[in-house]
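Structure first, commentary second.
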Amino acid sequence: MTDEADKLFAKLDSDARRNGYFLNPDSDFTMELMEGLVANEKRFGYQACPCRLAAGDRKEDLDIICPCDYRDADLEDFGACYCALYVSREIAEGKASAQPIPERRPVKREERPQFKDRPHAEAPSGLSHPVWRCRVCGYLAARDEPPSICPVCKATKDRFERFM
């Protein structure tokens, strides 16, 4: 285990607990994921999911930067995200075990969230600013530009989409 992986684990575990998420209780497995995230941060400049093949281009990989765009849906449907870093309360407490998760990420580039053309809803009359939505956690911000960092999940500005 590297010091960097230990620090990353401490940060992600703290963020997860504060925001109602749980990391996989299998410490050896989880630390391997931390090592993968650290390696991808060094290699690409961002923490691409270590269980997926990253393109090495931030825009191409935007949907698989940890926490990925698919985490919450995977947790809801399967009790764990694709790489099983994030797990349900039942798995975290040892009442259930993580099972294989099917890949939810579209194979076709144009079907991925960051490349979909989405019509923007017209702003309701009287709304003074556009509304931005964090694609990771759903946080909404009404302002001219999205926040640099999501105050809830710490996703970066490029993980926001115009919502209204």
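A short reminder: the numbers here are calculations on the coordinates, not readings from a lab. It should be emphasised that the depicted structure is a prediction, and the values quoted were computed from it without experimental measurement. FYI the Cβ positions are ideal-geometry reconstructions off the backbone, even for glycines, and counts take in every protein chain you see.
Which lysines, if any, have their Cα less than 25 Å from the Cα of residue 154, not counting same-chain residues under 8 positions apart?
Hits, sequence-local ones excluded: 7, 11, 42, 59, 116.
Within 10 Å, at most 10 other Cβ atoms, and a DSSP state outside H, G, I, E, B define an exposed site. Report the longest part of the chain free of exposed trypsin sites (Lys or Arg not before Pro).
It works out to 1-94.
What net charge do the residues around residue 140 carry, taking every other residue with its C-beta under 13 Å from that of residue 140, with Lys and Arg at +1 and Asp and Glu at -1?
Result for the local shell: +3.
Quickly estimate the mean residue ellipticity at 222 nm for the chain, helices only: each DSSP H run with n ≥ 4 gives -39500 (n - 2.57), and the total goes over all residues, rounded to 500.
Mean residue ellipticity, 222 nm, calculated: -9000 deg cm²/dmol.
Mind giving me the nanometre distance, one decimal, between the label points for residue 154 and residue 97, set 7 Å out from Cα along Cα→Cβ?
Once both label points are built, they end up 3.1 nm from each other.
Could you calculate the contour length gain from residue 7 to residue 145, that is, 0.36 nm times the residue separation minus the distance between their Cα atoms, to one decimal place in nm?
46.6 nm
With a point put 7 Å past each Cα toward its Cβ, work out how far residue 108 is from residue 161 in nm, to one decimal.
My value for the distance between the label points is 1.6 nm.
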